[in-house]
Amino acid sequence: MNYQIDSSELSADLAAIAAYSSSPPPGVTRIVYSEADQHARAYLRERCREAGLELREDGLGNLFARWIGSEPELPAVASGSHIDAIPNSGRYDGTVGVVGALEAIRALRRAGVQPRRSIELLLFTSEEPTRFGVGCLGSRALSGALTAEQIQSLTDGEGYSLDEARNGAGFSAPLAQVQLPAGHYAAFVELHIEQGPSLETEGLPIGVVRAIAAPAAIRLVLRGQGGHAGAVLMPGRRDALLAGAEIALAVEHAALASGSPDTVATTGYFRIEPGAVNAIPSRAVLEIDIRDVAPEPRDLTLEAVHKAIDEICGRRFIEYELTLLNSDPPATCDPGVIEAIVAACHSTGLAYQMMVSRAYHDSLFMARICPTAMIFVPCKHGVSHRPDEYASPEDIVRGTAVLAETLARLAG
Ligand code: HGY
Ligand code: MN
Ligand code: MN
């Protein structure tokens, strides 16, 4: 069965959400609980109401928009993703999975489908680690991978606690009620841009994700000794930036030396103080992202980085404080959900390939509480987390058509 996907509705929703950004186009910035995030949420709530869905939001702002099935007591089938965006990034990462799920539901309703199981759209809070340092906050909490106490202890770069930020955005329900029990959902499917070049290179419209990589991140605070750039001679300086620079190179070296071609490591955040040209950097804050599709080489790399930090700081008389922000196991997608996606590809006549996701997604945590898999669509040159991130309307329609067919199959 081919469900008619309305490309203009999809494009209108993507454009409307992209306009809610705290940075000027072409990039998009939409940090969790920011004004831009709250406007985008309000827009989506409205669109879900228009589609006849029943809405609820939890204490973190996870949004649940439900189409009640003919047997509402059965565990629902869910689909969704995130709308927060890292600074000056793209308009497709996450949002394609949210607007795609909404349009898939509209397409099934237009076709007169009456699913046995309810179908629920999920909008997860704070998939990006930008503000609170830990990615997938909403799905971590929902799956029980993060307790209410751990959530409350999180603070952002300005010292705001997560509690203050969520209450300020209007989400005050108890955090203890966020976690959903295993079995709450019968299945979860996430539509997402690939954020890599493989589908485009192979000329394929659909990727069926069988596994999601294992992400880890650390925050490192380096304390040296500041001083006057002109007055303090070179010997004996304790320059926090130079220690950080050596460490960033050691991070790159550790990933290259891990023995696995899939190990990636990035010092994506590097801030120094006081940040004056004529003052020796006294303090540096680095955030380091380390991943692999298998946990062993990732953990080996983490260890090598920790050793390098110790050696470099010892030699440069720099104090350091290292915080492990997260170190998550990879996820294996569910064969039954994969089968439904593959069957949907066959019935929509779309070629596909099985693949591993190198980016993490909310599916990494949904896989802990229900059978989960993902559908990828190509993005231009594999680019993501950049203003020139792009997915064509045709590819998004194809991905949404496969999602609609998959949901219809899973929801019976
Ligand atoms: O970093 C990631 O993999 C995701 O885009 N947050
Ligand atoms: Mn992202
Ligand atoms: Mn994403």
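Taken together, the values in this text are just the output of simple stated rules run on the coordinates, not laboratory data. Please read all numbers here as calculations on a predicted model, not as lab measurements. Here the Cβ positions follow ideal geometry from the backbone for every residue, glycine too, while neighbour counts run over all protein chains shown.
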Diagonalise the Cα gyration tensor of segment 110-268 and give the resulting equivalent ellipsoid semi-axes, square root of 5 times each eigenvalue, largest first, whole Å.
41, 26, 13
Based on DSSP H runs of at least 4 residues, each adding -39500 (n - 2.57), what is the mean residue ellipticity at 222 nm of the chain after dividing by all its residues, to the nearest 500 deg cm²/dmol?
-10500 deg cm²/dmol
Place a +1 charge on the Cβ of each Lys and Arg in the chain and a -1 charge on the Cβ of each Asp and Glu, then give the dipole magnitude about the Cα centre in debye, rounded to the nearest 20.
180 debye
If you scale each eigenvalue of the Cα gyration tensor by 5 and take the root, what three semi-axes come out for the chain, rounded to whole angstrom and sorted largest first?
40, 22, 19
Given the C-alpha centroids of segment 350-412 and segment 273-337, what is the distance between them in whole angstrom?
29 Å
Inter-label distance, nm, simple model (7 Å from Cα along the C-beta direction), residue 158/residue 49:
2.9 nm
Charge tally for neighbours of residue 68 with beta carbon under 15 Å away, counting Lys, Arg as +1 and Asp, Glu as -1, is +2
Segment 247-308: Rg to Rh, with Rh as the Kirkwood radius over Cα pairs:
1.11
Semi-axes of the equivalent ellipsoid of segment 214-327: what are they in whole Å, largest first, if each equals the square root of 5 times a C-alpha gyration tensor eigenvalue?
29, 12, 11
Approximate spin-label separation residue 386-residue 73, in nm, with each point projected 7 Å along Cα-to-Cβ:
5.4 nm
Taking the alpha-carbon centroid of each part, what is the distance from segment 85-100 to segment 1-18 in angstrom?
14 Å
How big, in percent, is the set of alpha carbon pairs in segment 177-265 lying more than 23 Å apart?
60 percent
Determine the sum of side-chain charges near residue 347: Lys and Arg each +1, Asp and Glu each -1, restricted to other residues whose C-beta is under 11 angstrom from that of residue 347.
0
Given unit charges at Cβ for Lys, Arg (+) and Asp, Glu (-), the dipole magnitude of segment 214-327 about its Cα centre in debye, nearest 20, is 500 debye
Calculate the all-directions average of the projected area of segment 319-408's alpha-carbon convex hull, and give it in nm².
8.4 nm²
Taking Cα atoms, the helix 35-50 axis meets the longest principal axis of the chain at an angle in degrees (rounded to 10) of 10 degrees
Expressed as an acute angle from 0 to 90° and rounded to the nearest 10, what is the orientation of the C-alpha long axis of helix 335-348 relative to the principal long axis of the chain?
60 degrees
Any idea what angle helix 295-315 forms with the longest principal axis of the chain, computed on alpha-carbon atoms, 0 to 90 degrees, nearest 10?
20 degrees
